[in-house]
Amino acid sequence: MREKAYVTTPIYYVNDVPHIGHAYTTIIADTMARYYRLKGYETFFLTGTDEHGQKIEEAAKIRNRTPQDYADEISGKFRSLWDEFEISYDKFIRTTDEEHKIGVQKAFKTMYDNGDIYKGHYEGHYCVSCETFFTDTQLIDENLCPDCGKETRIVKEESYFFRLSNYQEKLLQWYEDDEKCVLPKGKKSEVISFVKQGLRDLSITRTSFDWGVKLPPEINDPKHVMYVWLDALLNYITALGYGTDQKNMTYWPATVQLVGKDILRFHAIYWPAFLLSLGLPLPKHIAAHGWWTRNGEKMSKSKGNVVNPKEVADAYGLENFRYFMLREVPFGQDGDFSQKALIDRINSDLSNELGNLLNRIIGMSGKYSAFGISSKNVWHYHEKEITNVMEHLRQAENNLNDLQTNRFLEELWKALTIANQSITIYEPWVKMKNGENDFALATVAMVANILAKVAILLHPVMPKTTHKIAEALHFSINHDAYVTFIENNGLLEDFTIQKVPPLFPKVEAELLKAPEPTPAKEAKKEEVKDTAISIDQFFETKLKVGTIIEAVAVPKSKKLLQLQVDLGEEKPRQIIAGIKEYYKPEDLINTQITVVANLKPAKILGLLSEGMLLAAKDANGLTLIRPETPKDNGSSVG
Ligand code: MSP
């Protein structure tokens, strides 16, 4: 029987249109699904939309629409973008699908019958935006959500609870037994320490709104609807027919479940606990990726800087964009989108190193052998190169199996470097002149074989481009090719090369306009200019003197430094400041600055920033505003 693979993306909320973050998750998952198919696994790839809950109900309400009508529209947008992007999903699930709702009720009933669900009351701080309750100690500034920074509401209601606390030990055992159950490693440690702090039972129903799956009819409690995360997480099995026709449940457990780091807790703690309660096996890998920013800044609708994946793909080419996203960021870390970085990748990695290699093979074979390529002497002259290449390809696959997409591509590019360098080292043109034709032609054939092998493994990332390479080299990319050229390290049969137009024309300039400030933002600027403030208004801003006691660069950011500032309080404040271009971290230690001390905390590149420092900027650069002579930390300014 063929091995099975099941790959999932999170299901996307329908309160927002698709952006680069959604595209990133989906493209990694698509790459994994295509890779498993290449390896010959019977593969099922699931994506879809998450359509219930208060957030969606409210988003529909402000637009004067019914939640269903609104969800239909946005779900359609996700689906058509994935279709345009040729995402190879096997099923697109919607949580408003009838079969899903039946499956969710079945799961609820099973957990209830197992004694894992009981009725009680819940009172707590609820963040509508994240659809999550938080405890007092988790909140920032007493009522702000620790995940998104928005205000939470106090909610008290009757609720059914899931006995999450019963699963603490079993979960810890799973993390210990299964080294790669949560990837990457660093994220796994975060999950373990969270669980070790103790798990409280989870409220899994709501009475405060209607837009959700009702409880199973047997429980007969119509005022409750299910907590959106319970409903949503179960999609991964209802999509396989759990609770209905069961027919695809043979794909369970999932091979890889892709998630963003913000929703790892739900997937690495709640989800396996639900599965344990249902008596189902646990997924093989829950893999959490980092977040994308744009030019070093968090993306948001109000800033008008959200990267629209369709615009980028239309301007730069879908497969170039796929390559860029997977190559640019170490899996699990945050990444920055800039057109400059994308152009660099296209011009150097793709055009110079990959595209040019094909051009050189076409050029040399045209000159020396009327485009004929024969592998017959490759082992004889180039065993070393082929063996090294196979080592890199094996390492590449190991990395991909661990979701390390950037390292996977790096290894493939190391193989390309061997090919490119061999041309320089062996100089086939000199050998042709000296009458060493066999050697020269073996070098050209060796390089063509390396390109063929790399194209096979690159296929999941760049399906169409690699088909073009294969066409030129007279073979087809499919499972058989994987077995022949990768598993068995075979070489291409003799063939005549087919000329193809250059695969990666150089990009000379940025193709997308920089984001314009939104009109709302402009209007706000005007308003500020014309309005004088009173002294009281001024004193609403608390300015304080502080000393920088630690300063380090924020990784991957050109602008940001991470500072620890002593404001004479119990513990230092962390401030993320955009001053890296003007100050070296080591020069800032033990210097004093002025800080806006009562700003709402914000997350910048995933780091909490608990204040803002004052600086003046003109054409000559930026300078920090500091007291003329040292002042006690915490001294107020005004
Ligand atoms: N509906 C839930 C998931 C339920 S899964 C059972 C949800 N939806 S979401 O639409 O808000 O987010 C979906 C995914 O997009 C998450 O994995 C999230 O991490 C990812 N991203 C959203 N913004 C992102 C970036 N700026 N960068 C990278 N990924 C980000 O959460």
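The values are calculated or read from the model by the stated rules, or taken from the named source; none is laboratory data. On a predicted model such as this, the values are computed, not experimentally measured, just so you know. Every residue, glycine among them, receives a Cβ derived from its backbone with ideal geometry; neighbour counts consider all protein chains shown.
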When residues of the range 193-226 are filtered for being in contact (Cβ under 8 Å) with a residue 60 or more places away in the chain and either assigned to a strand (DSSP E or B) or within 16 Å of the ligand (Cβ to nearest atom) (or both), how many remain?
-> 10
The condition of being modelled with pLDDT of 95 or more, of a type in the set (S, T, N, Q) and either in contact with a Pro (Cβ under 7 Å, 6 or more places away or on another chain) or surrounded by fewer than 24 Cβ atoms within 10 Å (Cβ to Cβ) (or both) holds, among Thr49, Thr26, Thr43, Thr8, only for Thr43
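Are there any helices (runs of 4 or more DSSP H) wholly within the range 274-371 with 1 or more residues that are within 16 Å of the ligand (Cβ to nearest atom), and if so which?
On the way: elements: 309-316, 318-328, 339-344, 356-369.
It comes to 309-316, 318-328, 339-344.
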Look at the range 223-259 and say how many of its residues are touching a strand residue (DSSP E or B) at 6+ places or on another chain (Cβ under 8 Å), more than 19 Å from Thr25 (Cβ to Cβ) and hydrophobic (A, V, I, L, M, F, W, C).
-> 5
Every listed condition ((1) within 16 Å of the ligand (Cβ to nearest atom); (2) over 23 Å from Leu403 (Cα atoms); (3) among the aromatic types (Phe, Trp, Tyr)) holds for Tyr236 save (2)
In the range 579-638, anything hydroxyl-bearing (Ser, Thr, Tyr) and in contact (Cβ under 8 Å) with a residue 12 or more places away in the chain is listed as Tyr582, Tyr583, Thr591, Thr594, Ser609, Thr623, Ser635, Ser636
Does the range 406-434 hold any residues that are assigned to a helix (DSSP H, G or I) and among the polar types (S, T, N, Q), and which are they?
-> Asn406, Thr417, Asn420, Gln421, Ser422, Thr424
Scan (1) surrounded by fewer than 22 Cβ atoms within 10 Å (Cβ to Cβ); (2) touching a residue at least 12 places away in the same chain (Cβ under 8 Å); (3) more than 22 Å from Ile28 (Cα to Cα) for the single condition Gly363 breaks and write down its number.
-> (2)
For Thr255: the one exception among (1) surrounded by 19 or more Cβ atoms within 10 Å (Cβ to Cβ); (2) within 14 Å of the ligand (Cβ to nearest atom); (3) more than 15 Å from the chain's Cα centre (by Cα) | (2)
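Going by what's in this entry, would Lys506 be described as modelled with pLDDT of 75 or more, out of contact with any helix residue (DSSP H, G or I) (no Cβ under 6 Å at 6 or more places or on another chain) and charged (D, E, K, R)?
Working: modelled with pLDDT of 75 or more: yes; out of contact with any helix residue (DSSP H, G or I) (no Cβ under 6 Å at 6 or more places or on another chain): no; charged (D, E, K, R): yes.
It is false that Lys506 is modelled with pLDDT of 75 or more, out of contact with any helix residue (DSSP H, G or I) (no Cβ under 6 Å at 6 or more places or on another chain) and charged (D, E, K, R).
So, Val461, is that one part of a loop (DSSP other than H, G, I, E, B) and either more than 17 Å from Ile386 (Cβ to Cβ) or outside the structural domain of His382 (by TED's automatic domain parsing) (or both) or not?
yes
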Any idea how many residues of the range 580-638 are surrounded by fewer than 12 Cβ atoms within 10 Å (Cβ to Cβ) and in contact with a helix residue (DSSP H, G or I) (Cβ under 9 Å, 6 or more places away or on another chain)?
-> 1
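Can you find even one residue in the range 559-572 that is of a type in the set (S, T, N, Q), farther than 25 Å from Asp334 by Cα and at pLDDT 85 or above? Can you show your working first?
Residues of the range 559-572 that are of a type in the set (S, T, N, Q), as a first pass: 562, 564.
The next check asks that each one be farther than 25 Å from Asp334 by Cα; those that pass are none.
No, every residue in the range 559-572 fails to be of a type in the set (S, T, N, Q), farther than 25 Å from Asp334 by Cα and at pLDDT 85 or above.
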